[in-house]
1. I'd like the distance between the alpha-carbon centres of the range 14-73 and the range 158-174, rounded to an integer number of Å.
2. Too long at a 27 Å Cα-Cα cut-off: which of 17/120; 18/77; 123/173?
3. Can you tell me which of 33, 52, 182 moves the most in a GNM of the chain? Springs connect C-alpha atoms under 10 Å apart.
4. Show me, bin by bin at 5 Å from 0, the whole-percent P(r) of the range 1-91 based on Cα pairs.
5. To the nearest 0.05, how large is the calculated FRET efficiency for residue 26 and residue 192 if R₀ is 25 Å and r is the Cβ-Cβ distance?
6. Karplus couplings for the range 176-190 from phi (6.51 cos²θ - 1.76 cosθ + 1.60, θ = phi - 60°), rounded to Hz, Gly and Pro as x?
7. Using amide H atoms built in the peptide plane, which far-off residues or other-chain residues are under 5 Å from residue 109 H to H?
8. Among (i) 20.2, 71; (ii) 19.5, 66; (iii) 15.9, 49, which is the computed Rg and Dmax of the Cα atoms in Å?
Amino acid sequence: MPSQDYHYVNDLIILKKKHHLIKHIDDSLPTPEIHGTKVWGSSFLIMDYLEEHPPATFSEILEVGCGWGLLGIHCAKTYEADVTAVDADPHVFPYLDAHSVINDVELDTLTARYEDLKIKDMKGYDMVLGGDICFWDDLVEPLFSMVKKAVKAKVGTIIIADPGRSPFLKLAKLCQKEFNAELLERTVRKPRKIEGNLLVIKA
């Protein structure tokens, strides 16, 4: 597989848009509708954080708003985590499946909106993770509600990453007030320079 068709970051093979597998999916299947047409950068901020604060081996991890699922795939590959990837748009899952196969891991997938997730759905998970998932004002309340349910479900750690968009900062403020959440700055250099914030809620 020629290097111009993929990135290799954090031990992950990440296919570029021009890779033949991605082009085949683009040409033959419905296009994702909720910004799920590429790999978004904030997932790499969470990956970097997890290098310093790794989950226990075989942790149960829920990746919400997963898109192409690279964050969940990283957790499955690096930490042998049992990952469920959730997205409101099922059209992202062929991209996730392609990356799962090429990285030799398996993930469970679930089509659901944030507000669809109930306390019982999140019980048993050690972590809830999401990158670039709070980009509209009308996502703030559903995500805050999801965080509250994750806390009630006794999820150990919840991490949401973002470049610092206004809706995300509104969510962070709510979580800081309600859960004493941390808002951390983070920068990575690969696959490119990415700057942003991590919202970290710990039980």
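1. The two parts, judged by their Cα centres, are 19 Å apart.
2. 17/120
3. Of 33, 52, 182, the Gaussian network model singles out 52 as fluctuating most.
4. Calculated over all Cα pairs of the range 1-91, the distribution is 3, 13, 21, 23, 19, 13, 6, 1, 0 percent.
5. Step by step, r from the Cβ atoms, then E = 0.70.
6. Values per residue, Gly and Pro as x: 5, 5, 7, 10, 6, 5, 9, 10, 10, 8, 8, 9, 10, 10, 10 Hz.
7. The answer is 85.
8. (iii)
Values in this text are rule-based calculations from the coordinates and carry no lab data. Just so we're clear, the structure is a prediction, and the values are computed from it rather than from any experiment. Cβ atoms come from the backbone with ideal geometry, glycine included; neighbour counts cover every protein chain shown.
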